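Asker: Input: one structure, supplied below.
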Amino acid sequence: MKQRLNALLSSLARRIPLRLYPYLLRRPRVDFFYHAVADEPMPHVRWLYPVVPVEAFEAALRYLREHFTPVSYAALHAHYVEGAPLPPKAVHLSFDDGFRQNYEVVRPLLLAYEIPCTFFVVSGWVDNRAMFYRNKVSLCIERLCAEPQAVEALGDLLPGERTVEAAIAWLKALRLPDEPVIHQVCERLGVDWEAFLRAYRPYLTSEQIGEMRAEGFTIGAHSLTHRKLRGLPPEEIEREIAASCRAVGEISGQEIVPFSFPHSAFGLDRAHLAAVRARHPFIGLLFDTRGLRRDVDFLLNRVWAERPLTGEGGPHPLPEVLQQAYAEAWVEELLAFGRRIRRGQGIRSGGRAS
């Protein structure tokens, strides 16, 4: 019954025109976030999420300009911390992970269209001091797709059948604690990730970050290591947040540094997050990845702009992505409202029975 209701509501939600959703779901602002925009190949990214072509990103910027009022992080901070009003149809744009294309490709376009942006960087990767384990995985998948016979070199590392498809699925499931295994895969496939890091320099440098800050962009923190924080001890969660914000503040010169969660803030204790912010006043607002869903007042959800909506892998035009985000949030709020009604009826009937 629950699945049928969910399917029915989801089908209905997809038929609601985008122009009506702001009246059905009142939100003071919409946040979009990206990772990578480039026309050049990005082999360390392409197997993780879509790389948005420059033309598609420019179309998105024109859409934001025509249908929204772009606002800076400073405006969001003033609204949620100090109570200052936001303009109608406020929209905030951000980028996660801190790839160098943010400086070389994205930054000039944002300046041309006069759109503010917050760039969240993993402090441990700044100046290309280290490489994200998933970027290494993407390089391995790139090699397997270019040379399918290389799957035989993985041998006993593969837990199942020795096919490229099975190897890719296994590689994508590996996490940070599996990095020694990832390094073995790199060695067997002949992927020299250290040489790639030195030559390609995939991440932003301190100098680039300083220049972006001087041009008016906000620099945020995206943790020390890009670990999934859920399941870590509370003190380690605090360190990933506070130490990365402190490091970014030292690089950028900002007194307040916002933070975006790697992967998601799902399952994290909001009271603990509030306490972390209270102990470290330089930590600004927190940002998550759950579309238009509501959360505590210091945690703002964002719509993943590159999100594939079909099996074709995306990216899709921004209005389609926004429509899907509204539909999901609308269905979730309707179901939550129904649960509250049922609980209320249960309480009232229980009261009468007593």
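Every read-out reported here was derived from the displayed coordinates using simple, explicitly stated rules and does not represent laboratory data. All of these numbers come straight from a predicted model, not from anything done at the bench. Neighbour counts are summed over all protein chains in view; Cβ atoms, including those assigned to glycine, are modelled from backbone coordinates with ideal geometry.
Asker: What residue among Gln184, Gln101, Gln254 has the largest mean-square fluctuation in a Gaussian network model of the chain, using Cα springs under 10 Å?
Answerer: In this elastic network of the chain, the residue with the biggest mean-square fluctuation among Gln184, Gln101, Gln254 is Gln184.
Asker: Then there is this: If you place +1 on the Cβ of every Lys and Arg and -1 on the Cβ of every Asp and Glu, how big does the dipole about the Cα centre of the stretch 1-141 come out, in debye to the nearest 20? List each step's numbers first, then the result.
Answerer: Details: 17 positive and 12 negative charges, 178 e Å.
So the magnitude is around 860 debye.
Asker: Assign unit charges at the C-beta atoms only (+1 for Lys and Arg, -1 for Asp and Glu), then state the dipole size of the chain relative to its Cα centre in Debye, rounded to the nearest 20.
Answerer: Using Cβ point charges on Lys, Arg, Asp and Glu, the chain gives about 2160 debye.
Asker: With point charges of +1 on the Cβ of Lys and Arg and -1 on the Cβ of Asp and Glu, referenced to the Cα centre of the chain, which listed residue (Ala7, His92, Phe266) lies farthest in the positive direction of the dipole?
Answerer: The residue sitting farthest along the positive end of the dipole is Ala7.
Asker: Quick one: order Leu24, Leu93 by neighbouring beta-carbon count within 10 Å, fewest to most.
Answerer: Neighbour counts put them in this order, fewest first: Leu24, Leu93.
Asker: What is the Cα centroid distance between the stretch 236-281 and the stretch 103-132, reported in whole angstrom?
Answerer: Cα centres, the stretch 236-281 to the stretch 103-132: 19 Å.
Asker: So, counting K/R as plus one and D/E as minus one, what does the shell of residues with Cβ under 12 Å around Leu8 add up to?
Answerer: Net charge around Leu8: +4.
Asker: Okay, next question. Relative contact order of the chain, please, whole-number percent, based on alpha carbon pairs below 8 angstrom and at least 6 residues apart.
Answerer: Details: 531 pairs, mean separation 71.5, N = 354.
Averaging sequence separation for qualifying contacts and normalising by length gives 20 percent for the chain.
Asker: Helix 133-146 versus the longest principal axis of the chain: what angle, 0 to 90°, nearest 10, using Cα atoms?
Answerer: 60 degrees
Asker: Share of Cα-Cα pairs in the stretch 134-197 beyond 20 Å, in percent?
Answerer: Here the long-distance tail beyond 20 Å is 14 percent of all Cα pairs in the stretch 134-197.
Asker: Also, quick follow-up: In debye to the nearest 20, how big a dipole does the stretch 134-197 give about its Cα centre with +1 on each Lys and Arg Cβ and -1 on each Asp and Glu Cβ?
Answerer: It comes to approximately 200 debye.
Asker: Build a GNM of the chain with springs between Cα atoms under 10 Å: which of Leu20, Leu309, Leu318 gets the top mean-square fluctuation?
Answerer: Per the Cα network of the chain with a 10 Å cutoff, Leu20 tops the list.
Asker: Quick one: helix 164-173 against the long Cα principal axis of the chain, what's the angle to the nearest 10°, folded into 0 to 90?
Answerer: Helix 164-173 sits at roughly 60 degrees to that axis.
Asker: Separate question: Relative contact order for the stretch 260-324: what percent, with Cα pairs under 8 Å and sequence separation of 6 or more? All intermediate terms of the calculation are to be shown ahead of the outcome.
Answerer: Details: 67 pairs, mean separation 14.3, N = 65.
Once normalised by length, the contact order is 22 percent.
Asker: Exposed loop GluC sites (Glu not before Pro) only (DSSP loop, at most 14 other Cβ atoms within 10 Å): please give the longest stretch of the chain free of them, not including the sites.
Answerer: In short, 1-113.
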